[in-house]
Structure formats: C-alpha cells, structure tokens
Amino acid sequence: MSNNSLQKQCPGCGEPVESGWKICPVCETSLAELLCPQCGRSVKENWKRCPYCTAIVVCKSCDGRIPAGHHTCPTCSPAATAVVSDLEAVLIDPLTEIQLVKIPGGTFQMGDIFDEGIENEKPVHPVSLNGFYIGRQLITQNAWNRIMPENPSRFTGDLLPVEQISWHQAMSFIEKLNQANRLNGHYSLPTEAQWEYVARSCGKDERYSGCDSLNRVGWYADNSGDRTHPVGEKQPNGLGLYDMSGNVWEWCLDGFHHQAYEHHSPQNPVEKGDGPDRVIRGGSYNLDAWSARCARRFCLSEEFFGPGVGFRVVFLPTA
C-alpha cells in the first residue's frame, strides 16, 4: 500500500485507511460518508441536525441515523414515515432553501368535526382543493434574513420561527420571493382551507396536526417554557409538516369573516380581505391546547405583530 493511497485515518481507532474502504479492518467502524437524509450534503458524526436544510439527521428517541429520503425514524415512527413516502415530492427554493412539500388535491370536511369549538368553526362543510406545495416548516429567521433587511423577532436564532410579523410583512417577504423566483410558479400565503387541509394530513380526523396528543406535535403553554422553539423538533404530521399546531400562529391569505363557512365556495375557497382582519391558524407557544386545534379560527388586524405570530408559504406551480 503506497503512501499516496492513504487518504485518512479511522475515526474510531486511528488506523490508516484507504479511499473506498467501507469499514475499518481493525475496529470495524463504518467509513461511509455521513449525509443529510434530505439535502444529501455531508454532515458530521456529532451533528443532530443538518445546518444547511435544518433536517433532523439523528433520531431523538433511539439515536439512530435517519435514512435517506426519510423525515422521521422509520423504526420509531413507522406510520408517519409510510404516509410521507407515498406522497413525497419536494422542491427547495434556491434562494432561501425553504423546503416545499407537494400536496395532492382532494376533498375534505372542513370545520369543527369534533364539536368542541365555537360557532365560527361551523358548519362542517365539504371543500375541494387543487394540488399545491407548502413549506415543510415555518419560515425561519435564517430564511427571512436572506432577503429581508431586519429581523423583528423577539426570540432570536437561525432555526427559530421568525415572529413579530404582521400580515403585510409576510406579504412583503413573499413579494421578494416571487421577484427572485427561478421556479415555475409563484408563492403565496396559504388560504384558510389549504392550511386546515394540510394541518389535518389531507383532511383526516385529527384534533391536532398529526395526532390527538399535542405534546407530541406542538409547543404550547404547558410545555414551551414561554418561548418559541426551533422548527422541526416535534413529531411531524402525516405529510411530513412540522409545527402546524403551536409554536407560532400562522397568517393565512383570507380576510376573516365569522360566517365564512356558511357561504364558502365548494372549490378552492378564499375570503376576500374587505376588512382590517386576517385569519391566523395553529395556536402559539403561549396559549392553551384548545387554541392549537386544527379547526381553531382566529384573526388579527393586518397591521398587528407579536412574538406569537409567524407564517409559512405555499407555492403554486404554473399549470
């Protein structure tokens, strides 16, 4: 073996090893390059998350590595992983590296299917939606800072959701995304119907986004420590989407009307913003579990901003 063929040393025992070897012949440590399961970039042994796309690379339950193409550990979360695998198709915005998950169109029963909310969540009614893409995660401060001049967030950190965002600020971010867009389509805020459809994993009977246990999927008053948390730390829903229940409220495109469900269009409904209030959905780190229900409707003035208010984006491909 020539000196030129020695590329590195085994990370386990220090034995000189050659390029192309799969394991160390002395201690049997794997020599395969460690890669992010989502973006495929090199990651280090001690990294828990990918710094490029924020994907989880090591399961928090069993400490096993997440396999390529998976968003959760197939051993610890086999059901959720199976659903994601069936639906998965991901776009990555080249400027912000926002991951966009393809959502198939479909029909679902929108509204308070558990009969535990208030009147503006009724009547439960059928809604049909065309397919679209939606952000896997809330817009992070890392994504925001790439195109916006100032970070308004109270709690700062690259992987924390951007917050203290008004509806107009969210729309300004989206306008800049569209100006720089190199994908075939355009960005928007989700409509209220799109938001609830994906929060409930394509319209399933889910109280919270992914299951009936909020502690598993979301940050709220009982577990947040009165602050926001990095995106993607809780279990995703059946579409591989994170933080749709809790962490921060999410702005929707719709204007808010108390009786909206009484006159919703059956196909791709969206309420025009003819008043000062816009819909927010999903609950927040500083509110109770009832507020984080998938059916919960609330509103704020377009100009309002606070530490519990952020957003995610949808992407609508050109037909």
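Residue-level check: of (1) farther than 30 Å from GLN137 by Cα; (2) of a type outside the set (A, V, I, L, M, F, W, C); (3) exposed (fewer than 13 other Cβ atoms within 10 Å of the Cβ), THR29 misses just (3). When ASP274 is tested against (1) crowded, with 22+ Cβ neighbours inside 10 Å; (2) in contact with a Gly (Cβ under 7 Å, 6 or more places away or on another chain); (3) not polar (S, T, N, Q), only condition (1) is not met.
Using the structure shown, decide if SER153 is closer than 27 Å to PRO104 by Cα and part of a loop (DSSP other than H, G, I, E, B). When the stated conditions are applied, SER153 does not pass them.
Residues in the range 277-304 that are at pLDDT 95 or above, touching a helix residue (DSSP H, G or I) at 6+ places or on another chain (Cβ under 9 Å) and surrounded by fewer than 16 Cβ atoms within 10 Å (Cβ to Cβ): SER301 only. Checked against (1) modelled with pLDDT under 95; (2) among the charged types (D, E, K, R); (3) part of a helix (DSSP H, G or I), ARG182 passes all but a single condition, namely (3). Inspect the range 273-284 for any residue being among the basic types (Lys, Arg) and closer than 20 Å to ILE174 by Cα and give the result as yes or no. So far as the range 273-284 goes, yes, one or more of its residues are among the basic types (Lys, Arg) and closer than 20 Å to ILE174 by Cα.
Pairs linking a residue in the range 49-67 that is free of Cβ contacts under 8 Å to residues at least 24 places away in the same chain and outside the structural domain of LEU160 (by TED's automatic domain parsing) to a residue that is not aromatic (Phe, Trp, Tyr) and not in a loop (DSSP other than H, G, I, E, B), with Cβ atoms under 7 Å and 6 or more positions apart or on different chains, are VAL57/ARG49; VAL57/ARG65; VAL58/ARG65. Per the listing PRO266, PRO317, the residue uniquely touching a Pro at 6+ places or on another chain (Cβ under 9 Å), surrounded by fewer than 24 Cβ atoms within 10 Å (Cβ to Cβ) and in contact (Cβ under 8 Å) with a residue 40 or more places away in the chain is PRO266. For the range 162-183, the set of residues classified as of a type outside the set (A, V, I, L, M), at negative phi and out of contact with any strand residue (DSSP E or B) (no Cβ under 6 Å at 6 or more places or on another chain) consists of SER166, HIS168, GLN169, SER172, PHE173, GLU175, LYS176, GLN179, ASN181, ARG182, listed by residue number.
Residues of the range 46-71 that are farther than 21 Å from THR140 by Cα, charged (D, E, K, R), in a loop (DSSP other than H, G, I, E, B) and modelled with pLDDT of 80 or more: none at all.
The values are calculated or read from the model by the stated rules, or taken from the named source; none is laboratory data. Predicted model, so just to flag it, every value in this text is computed and none were measured. Cβ atoms come from the backbone with ideal geometry, glycine included; neighbour counts cover every protein chain shown.
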